[in-house]
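Here the structure comes first, spelled out in structure tokens, and everything after it is commentary.
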Amino acid sequence: MRKISLMGATGSIGMQTLDVIRENKEQFELTAISAGRNIAETRKIIQEFNPRLVSVQLKEDAEVLKNEVAHGTKVLWGEEGLLETACHQDTDVLVNAVLGSVGLFPTLRAIEAGKTIAIANKETLVTAGHIVMEAAARNQVSLLPVDSEHSAIFQCLQGENTKNIESLIITASGGSFRDRTRTELEGVTVDEALNHPNWSMGAKITIDSATMMNKGLEVIEAHWLFGIPYENIKVLLHRESIIHSMVEFHDSSVMAQLGTPDMRVPIQYALTFPDRFARPRGGRLNLAEIGKLHFEEMDFERFRCLEYCFEAGKAGGSMPAVLNAANEAAVARFLNGEISFLDIETLIEKSLTKHELIKQPDLEAIREIDSETRRFVNELNLG
């Protein structure tokens, strides 16, 4: 039986991870969870799975839960709780499904503890890929991708020699506004931006999908996970989200992984690798029913955040950390109604332009850059 720690248990990926564990009770045990402020959902998880460790964001919520949980369940809060969740002594696999750069330090702690990492928190590799991958190699720890795109690439590469890769082709749905011009994006509402055509995701990731920032972050993540230069990573607009990504080899062969838009499939693959467990029969892919698949070149002028991601990735060093922090802060301002949708791009661009590159930032520098960038974005008045 594999014992699982789950960071971000009440988020979109976290809840779908719980579905996978629930469907495979004989194979998985949930030993530790972290959650944010959704205490009502946290209570349900505790009652169903009885984890040995529970961590929440706020101290006052932790104090309340301590009086409710069964004897033997440890309750923590804040950063200390995240770190203990990540490297719980009884855990085999850490599922990092938290949102944002908060996932970086717990991931590094889990790597040092020798835990296998199922990673859905792309910001960890975006902000500090050079540090994370070096630590994983040094400790001989596997990083198994949970994002559908990276899982697709990972599956296509099983049994292959990575030296034969010509390029990685990451597919993108195009998000909520894929058919709108830039002029038509002026004045769009938060509710409109949250209406994704294919996937059910959390608010921040859905906005990132609409700006195409999510796909750009995936490009940076793919660079680190698979060791492929940015020049050999392509993004292709694919409306149906049926082909999750592809690998082109030197001999011109292209391998693709297909499936319905269901995150539980890549989550389960990461948890069961190198094996594959059966899934419920519902929701299987029926290509005859779908009939056609469509593909288009990406328009970098239309989706400027994607271009910023390629530029920051190629610059390397501290630039991806600035990119990520600026985006997180800008998206939060948009969701709060403080700025317009297109202002997200403006704030990111201004942050990247202002920053002076640090070629090999250490963890302390990354933390400082993150804070400084968020402060800059939150204080900037666009008029």
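Considering the conditions (1) surrounded by 17 or more Cβ atoms within 10 Å (Cβ to Cβ); (2) at pLDDT 95 or above; (3) closer than 23 Å to I233 by Cα, I366 is excluded by exactly one of them, (3). The C-beta contact set for the stretch 61-73 (first residue closer than 17 Å to R37 by Cβ, second residue at pLDDT 95 or above, distance under 6 angstrom, 6+ apart or interchain) comprises D61/I39; A62/V56; A62/V75; A62/W77; L65/V75; K66/V75. Pairs are defined by a Cβ separation below 9 Å, a sequence spacing of at least 6 or placement on different chains, a first member in the stretch 150-165 that is surrounded by 13 or more Cβ atoms within 10 Å (Cβ to Cβ), and a second member that is assigned to a helix (DSSP H, G or I) and aromatic (F, W, Y); the pairs so defined are H150/F226; S151/Y269; I153/F226; F154/F226; F154/Y269; Q155/Y269; L157/F226; I165/F226. Restricting the first member to the stretch 81-95 and to residues that are free of Cβ contacts under 8 Å to residues at least 24 places away in the same chain, and the second to residues that are among the small types (G, A, S), the beta-carbon pairs closer than 9 Å and six or more apart or on different chains are Q89/A113. Scoring N121 on the criteria (1) assigned by TED's automatic domain parsing to the domain that holds A222; (2) under 28 Å from E248 (Cα atoms) leaves a single failure, condition (1).
Taking only the stretch 331-371 into account, find how many residues are in a loop (DSSP other than H, G, I, E, B) and either among the basic types (K, R) or in the same structural domain as V102 (by TED's automatic domain parsing) (or both). The number of residues fulfilling the criteria is 1. Taken together, the criteria exclude A325 from residues that are within 21 Å of L194 (Cα to Cα), surrounded by fewer than 23 Cβ atoms within 10 Å (Cβ to Cβ) and of a type in the set (G, A, S). Among the residues of the stretch 215-239, just one is surrounded by fewer than 18 Cβ atoms within 10 Å (Cβ to Cβ) and of a type in the set (D, E), namely E231. Of the helices (runs of 4 or more DSSP H) lying entirely inside the stretch 136-216, the ones with 3 or more residues being assigned by TED's automatic domain parsing to the domain that holds V247 and over 25 Å from G227 (Cα atoms) are found at 190-193, 203-211.
Which residue pairs have Cβ atoms under 7 Å apart, sit 6 or more places apart or on different chains, and have a first residue in the stretch 1-26 that is within 14 Å of E48 (Cα to Cα) and a second that is of a type in the set (S, T, N, Q) and assigned to a strand (DSSP E or B)? What qualifies is A9/S34. Flag: A330 matches the condition of being within 20 Å of the chain's Cα centre (by Cα), closer than 17 Å to A210 by Cβ and not hydroxyl-bearing (S, T, Y). V247: over 30 Å from K3 (Cα atoms), at pLDDT 95 or above and in a strand (DSSP E or B), yes or no? Against the criterion (over 30 Å from K3 (Cα atoms), at pLDDT 95 or above and in a strand (DSSP E or B)), V247 qualifies. Based on this model, can you work out whether I117 counts as part of a strand (DSSP E or B), at pLDDT 95 or above and under 30 Å from A32 (Cβ atoms)? Yes.
For the stretch 1-37, which positions are polar (S, T, N, Q), outside any helix (DSSP H, G or I) and either crowded, with 18+ Cβ neighbours inside 10 Å or not assigned by TED's automatic domain parsing to the domain that holds I119 (or both)? S5, T10, T31, S34 - these are the residues of the stretch 1-37 that are polar (S, T, N, Q), outside any helix (DSSP H, G or I) and either crowded, with 18+ Cβ neighbours inside 10 Å or not assigned by TED's automatic domain parsing to the domain that holds I119 (or both). Out of everything in the stretch 247-260 that is among the polar types (S, T, N, Q) and under 18 Å from K163 (Cα atoms), what residue ends up being surrounded by the fewest Cβ atoms within 10 Å (Cβ to Cβ)? Per the stated criteria, the residue is S252.
Conditions tested, residue by residue: (1) among the acidic types (D, E); (2) touching a helix residue (DSSP H, G or I) at 6+ places or on another chain (Cβ under 7 Å); (3) under 18 Å from E218 (Cα atoms); (4) loosely packed, with under 15 Cβ neighbours inside 10 Å.
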site	(1), (2), (3), (4)
D262	yes, no, yes, no
L271	no, yes, no, no
G282	no, no, no, yes
A288	no, no, no, yes
G291	no, no, no, yes
E301	yes, no, no, yes
C305	no, yes, yes, no
K314	no, yes, yes, yes
P320	no, yes, yes, no
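The values are calculated or read from the model by the stated rules, or taken from the named source; none is laboratory data. Remember, predicted model here, so these are calculated numbers, not experimental data. All Cβ positions, even for glycine, are placed from backbone atoms using ideal geometry, and neighbour counts span all protein chains on display.
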